[in-house]
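These notes are about the structure you will find just below.
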Amino acid sequence: MAAGKKGLQLSLIIHAVVYVFVLSGLWYIAQTATADRPGWVGIVAWGWGMGLAAHAAVWLMFGRGRSRVEPRR
């Protein structure tokens, strides 16, 4: 598991890149092998997209902004 804000951002970027590549491949398969029923790719894209959106929401809530600085004593 990636730790810290940079790790959270990196994991979101990796998640998004994998999402794009996998769905591109699934879309290609759907167009060539199952041209009469390509709708299943949309179901996969929607479900995985919800997971990606949740990941992005976590990054927006916890991974952005300035880090808290402890006050000096």
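The values are calculated or read from the model by the stated rules, or taken from the named source; none is laboratory data. The structure presented is a predicted model; accordingly, all values stated were derived computationally and were not measured. Ideal geometry is used to build each Cβ from the backbone, glycine not excepted, and the neighbour counts take in all protein chains shown.
Among what's in the range 27-64 and is of a type in the set (Ser, Thr, Tyr) and surrounded by 10 or more Cβ atoms within 10 Å (Cβ to Cβ), pick the residue that is modelled with the lowest pLDDT. Quick ask: steps written out before the conclusion?
Keep residues of the range 27-64 that are of a type in the set (Ser, Thr, Tyr), which gives 28, 32, 34.
Narrowing further to those that are surrounded by 10 or more Cβ atoms within 10 Å (Cβ to Cβ): 28, 34.
Working: TYR28: 91, THR34: 78.
Per the criteria, the residue is THR34.
Restricting attention to the range 4-51, and to residues there that are charged (D, E, K, R) and in a helix (DSSP H, G or I), which single residue is farthest from ARG64 (Cα to Cα)? Working first, answer last.
Looking only at the range 4-51, we keep the residues that are charged (D, E, K, R), and these are 5-6, 36-37.
Filter once more, so that each one left must be in a helix (DSSP H, G or I): 5-6.
On the way: LYS5: 7, LYS6: 9 Å.
Applying the filter and picking the extreme gives LYS6.
Of the residues that sit in the range 1-49 and are closer than 21 Å to GLY63 by Cα and among the hydroxyl-bearing types (Ser, Thr, Tyr), which one is farthest from the chain's Cα centre (by Cα)?
Among those that are closer than 21 Å to GLY63 by Cα and among the hydroxyl-bearing types (Ser, Thr, Tyr), it is SER11.
Report yes if some residue within the range 65-72 is at pLDDT below 95 and part of a helix (DSSP H, G or I); otherwise report no. Let's see the steps before the verdict.
Our first condition is that a residue be at pLDDT below 95; within the range 65-72, this holds for 65-72.
Now restrict to residues that are part of a helix (DSSP H, G or I): none.
There is no residue in the range 65-72 that is at pLDDT below 95 and part of a helix (DSSP H, G or I).
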